[in-house]
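These notes concern the structure reproduced below.
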Amino acid sequence: MTRSTVKRCFVFFPALLFCAIADIASASESLLQDSAFAQGYEVMSPLRDIYTDHSRTEVIQQFQATGKKPSWRLVQWGSHKTLAKALPELLSDGSKRWAVTEMINHQMVLYKSVTLNPAGTVADSSDHAAVITLELNAEAEFNHSYLSSSDEYWPHLLLVQNPKTVKLGKYQTLTLSLDARLLFDERNIGNAYNSNLHAARFLISFLVRNTLSGDSFWLNIPVYDDRFRQSSFGCQKCLSSDNCYVPQSLHDAGKWLCPFDGERWSKASEKQGTHRMLFRVPSAAITSDHIEDGQWVHYTVDLIPYIKAGIQAARDQGKSPGFSASLLFYNLNLFTMGWEITGLNHAAMEVKNLSLRGA
């Protein structure tokens, strides 16, 4: 090999390496549309009975008119008030806020609000990312009276979209990442409080669906739960019918035993959307920080191992005819993010840098 040939090799191989890296990068794709909320969202009607009524679009709310149909839907199940009638308020930091309020006993009471800043001009958002804030006052929704039964319906404030329809077997990794900050949570705990029933939870959930059978389960990502600084697996592992425990890792021994119906909140419930198996990812797998401290917290996780575990959990519970083992037969049918509150909490959460990428 001549010196010139060696020289050409040193020039050529880095170029090859660069191309290989470029190909890998280009293979990564986003499964979420408009993750910066630039196109706003559709407000869905606040149905009290989603079995007999179908949710309908009431209005579109945007920071500014885009001429494009929003990818996001704002659902407010179990609510008495709707954000559809809210007029936008331009805040001093450049954000736009929609809020539902009512004068009660000479005092203005807020039920819920959404604040949108697609320009990312929030003063302490150093990365200038778009920020969306979801605020829900369940004490107002419940009229100061605790949810007394798991058969009742509780208020939700969720952002929802249908992710890109892709067979999950296409990916080696499926990375969810976001930054979130808890602005406040007024728990308003009273004598009737029951930690098994009353809570404020900010969740990200995916409906993992088998495209052949149509069967599905919820994969839950706990961003915040006012009862715990850290959430464990939502399922147990069982060595026998009377020897079950909460696992510490995906590889612990035993068969999976997972709850249905809203993590045992609704054992007898037939509410649409909750009558499925739930597989919760432990919070330690997503972040090492604690959102209760009031700072921005970064969350990131590869969902593929937990999706595989959720499929195995469904199979462990005798659901194998509808839950084949191969990821080639699954996609993400729905993405939801936001509040579900069964207590009297009044809470607000900020979210930015939302991303879901497969590679």
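Observations, loosely collected:
- Peptides ranked, highest mean first, by Cβ atoms within 10 Å: ranges 346-358, 314-326: 346-358, 314-326
- Residues whose amide H lies under 5 Å from that of LEU183, counting only those 5 or more places away or on a different chain, are ALA348, MET349, GLU350; hydrogens are built 1.01 Å from N in the peptide plane.
- Each peptide among 36-46, 101-111 gets the average number of other Cβ atoms lying within 10 Å of its residues, and from highest to lowest they stand as 36-46, 101-111.
- Derived scalar couplings between HN and Hα for region 177-192 equal 8, 6, 10, 9, 9, 7, 6, 6, 8, 8, 7, 6, 6, x, 5, 8 Hz in order, rounded to whole Hz, by the Karplus curve 6.51 cos²θ - 1.76 cosθ + 1.60 (θ = phi - 60°), x for Gly and Pro.
- Using heavy atoms of the protein chains and a probe of 1.4 Å, the accessible area assigned to ASP225 is about 10 Å².
- Summing charges over neighbours of THR300, with a neighbour being any other residue whose Cβ is under 13 Å away from its Cβ, gives -2 when K and R count +1 and D and E count -1.
- Peptide packing for 330-337, 193-200 was compared via the average number of neighbouring C-beta atoms within 10 Å per residue; ordered from the highest value, the list is 330-337, 193-200.
- Surface exposure of region 77-228, expressed per residue as accessible area with a 1.4 Å probe, stands at 44 Å².
- Point-charge dipole on Cβ atoms (K/R +1, D/E -1) for region 122-247, about Cα centre, debye to 20: 700
The values are calculated or read from the model by the stated rules, or taken from the named source; none is laboratory data. The shown structure was predicted, so the numbers you read here are calculated from the model rather than taken from an experiment. Cβ sites come from the backbone with ideal geometry, for glycine too, and all protein chains shown count toward neighbours. Ligands, DNA and RNA are excluded from the accessible area calculation, which covers all protein heavy atoms including side chains. Shrake-Rupley method; radii C 1.70, N 1.55, O 1.52, S 1.80 Å.
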